[in-house]
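Enquirer: I have a structure I would like to understand better, so I am pasting it below and will then ask my questions one at a time.
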Protein chains: 2
Amino acid sequence: MEKTIIKPGTLLAPVPCVMVAAQGKSEALAKPNIITIAWAGQVNSQPPMLSISVQKIRHTYGQLLEAEGFSVNLAGQNLLPKMDLCGVKSGRDIDKFSECGLTTAYGSVLPDVPYIAESPLSLCCRTVSRQPLGSHDLFLAEIVEILADNSLLDADGALHLERAKLVSFAHGQYFALGDILGFFGYSVASPEVLARRMPEK
Amino acid sequence: MEKTIIKPGTLLAPVPCVMVAAQGKSEALAKPNIITIAWAGQVNSQPPMLSISVQKIRHTYGQLLEAEGFSVNLAGQNLLPKMDLCGVKSGRDIDKFSECGLTTAYGSVLPDVPYIAESPLSLCCRTVSRQPLGSHDLFLAEIVEILADNSLLDADGALHLERAKLVSFAHGQYFALGDILGFFGYSVASPEVLARRMPEK
């Protein structure tokens, strides 16, 4: 447990890696666009809320200022090359939906907020607030509609998010989610619950 | 791409799973304590800032109100049983440091903020603001000191966070981080850079 003090930096890890879709209202910003974001987090349970942080220089930033909200689209490994591209290219220069062969779709609660049809799980969010923090502005938003790909649902309608093969991000690298190590509360669960929920252990 | 609308909930995933350590100033809250948190996120790069969300009912909440800050301690798979326990037990009932056999340590920038010596990477944070959102309060904090276990550093002092075997959280389950799938920007990298950074591909 010998320690070295290293320079303060953005080393919270692992963090989500998601594709945020948005469109503005003015002509210059109306085209649906995608930005890849790792500075995102769940911030509240009731109501369900999340945060994303976006730099002012990004094309999406202006769209977020005009829009009622945005969608957070989770991405599996199969979408990773497109997700990476959407993090390094600008919507000022290319149409990321068409460039990546992705499909714009719209939910019913926020009919002007695009989501990505190819995403396994899309969280449509209504923006609640915006706070400048320095390099980034923090957008807080309420999750008002969730669209799940049917392949993630079993016959009883239960969600199996592990089927999405989500990608995690840590210190500049993308990681696959590997083995399930346990469920919340497993350390104090009864033998009966453990046998039911973690039969392999 | 057939979709089903599911109930809005906290389905951003994968999210971090970290052990937050704090202590208050009053006698009742002075004992160092740990809370496990998945509602955490990176929110800013310059200065480096993160967020954690905590329910008012939690013992740690009162400590955070009194303290100058807190530490965010990343956890590898070897710490998972302890991390899970710190998420379901209350510091009102048990001393989580002693119960889990964990060691309190202190940095130099925030000498009254405890961190967990067994954590591979501890981010010591100064609280900047607190916002009630509903079920949770959102704490924004600046990362002011980072303590890395020497085992994560190579001879040149470069950080190898993949050695920490970090744990991710998604929809109530803990996941191991698996294979490295790429680095930020790999989709547009030159063949030379790809050969250097992803020689196995």
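Enquirer: Return only the number of the condition from (1) farther than 30 Å from A:E162 by Cα; (2) out of contact with any Ser or Thr (no Cβ under 7 Å at 6 or more places or on another chain); (3) among the aliphatic types (A, V, I, L, M); (4) open to solvent by less than 50 Å² (accessible area, probe 1.4 Å) that B:V109 does not satisfy.
Expert: Checking B:V109 against (1) farther than 30 Å from A:E162 by Cα; (2) out of contact with any Ser or Thr (no Cβ under 7 Å at 6 or more places or on another chain); (3) among the aliphatic types (A, V, I, L, M); (4) open to solvent by less than 50 Å² (accessible area, probe 1.4 Å), the one that fails is (4).
Enquirer: Determine which single condition B:I5 fails, assuming it passes every other condition in (1) within 12 Å of another protein chain (Cβ to nearest Cβ); (2) surrounded by fewer than 18 Cβ atoms within 10 Å (Cβ to Cβ); (3) part of a loop (DSSP other than H, G, I, E, B).
Expert: (3)
Enquirer: Please specify each residue of the stretch A:38-66 satisfying the condition of being open to solvent by less than 10 Å² (accessible area, probe 1.4 Å), under 24 Å from A:E99 (Cβ atoms) and of a type outside the set (S, T, N, Q).
Expert: Residues satisfying the conditions are A:A40, A:I52, A:V54, A:L64.
Enquirer: Next question, about the same structure. Identify all residues within the stretch B:174-188 that are of a type in the set (F, W, Y) and either under 10 Å from A:Y174 (Cβ atoms) or more than 7 Å from every other protein chain (Cβ to nearest Cβ) (or both); write none if there are none.
Expert: At the first step, the residues of the stretch B:174-188 found to be of a type in the set (F, W, Y) are B:174-175, B:183-184, B:186.
B:F183, B:F184, B:Y186 - these are the residues of the stretch B:174-188 that are of a type in the set (F, W, Y) and either under 10 Å from A:Y174 (Cβ atoms) or more than 7 Å from every other protein chain (Cβ to nearest Cβ) (or both).
Enquirer: Let me ask something additional. Under the condition of being more than 12 Å from A:P48 (Cα to Cα), facing chain B (nearest Cβ under 7 Å) and assigned to a strand (DSSP E or B), which residue from the stretch A:124-145 is nearest to the chain's Cα centre (by Cα)?
Expert: Here the residue is A:L138.
Enquirer: Going by what's in this entry, would A:L11 be described as within 7 Å of chain B (Cβ to nearest Cβ) and part of a helix (DSSP H, G or I)?
Expert: The answer is no for A:L11.
Enquirer: While we're on this one: In this structure, does B:S26 turn out to be polar (S, T, N, Q) and at the interface with chain A (Cβ under 7 Å from one of its Cβ atoms)?
Expert: no
Enquirer: Now for a different question. What do you reckon, is B:A148 aliphatic (A, V, I, L, M), over 20 Å from B:S53 (Cα atoms) and at pLDDT 95 or above?
Expert: Yes; evaluated as a whole, the condition is true for this residue.
Enquirer: Here is a check on your reading of the model: is B:V54 of a type in the set (V, I, T) and over 19 Å from A:I143 (Cα atoms)?
Expert: no
Enquirer: If you scan the stretch A:67-99, which residues turn out to be open to solvent by less than 10 Å² (accessible area, probe 1.4 Å) and touching a Lys or Arg at 6+ places or on another chain (Cβ under 6 Å)?
Expert: Passing the criteria: A:G69, A:G76, A:C86.
Enquirer: I'm checking my understanding of the structure. Among residues of the stretch B:112-154 that are touching a Pro at 6+ places or on another chain (Cβ under 7 Å) and not small (G, A, S), which one is most open to solvent (accessible area, probe 1.4 Å)?
Expert: The selected residue is B:E142.
Enquirer: Which numbered condition in (1) surrounded by fewer than 21 Cβ atoms within 10 Å (Cβ to Cβ); (2) facing another protein chain (nearest Cβ under 8 Å); (3) over 19 Å from B:A75 (Cβ atoms) is the only one that B:E162 fails?
Expert: Among (1) surrounded by fewer than 21 Cβ atoms within 10 Å (Cβ to Cβ); (2) facing another protein chain (nearest Cβ under 8 Å); (3) over 19 Å from B:A75 (Cβ atoms), B:E162 violates only (3).
The values are calculated or read from the model by the stated rules, or taken from the named source; none is laboratory data. In this text, all values refer to a predicted model and were calculated from it rather than measured experimentally. We place every Cβ from the backbone using ideal geometry, glycine too, and count neighbours over all the protein chains shown. Side chains included, ligands, DNA and RNA excluded: accessible areas come from the protein's heavy atoms. Shrake-Rupley method; radii C 1.70, N 1.55, O 1.52, S 1.80 Å.
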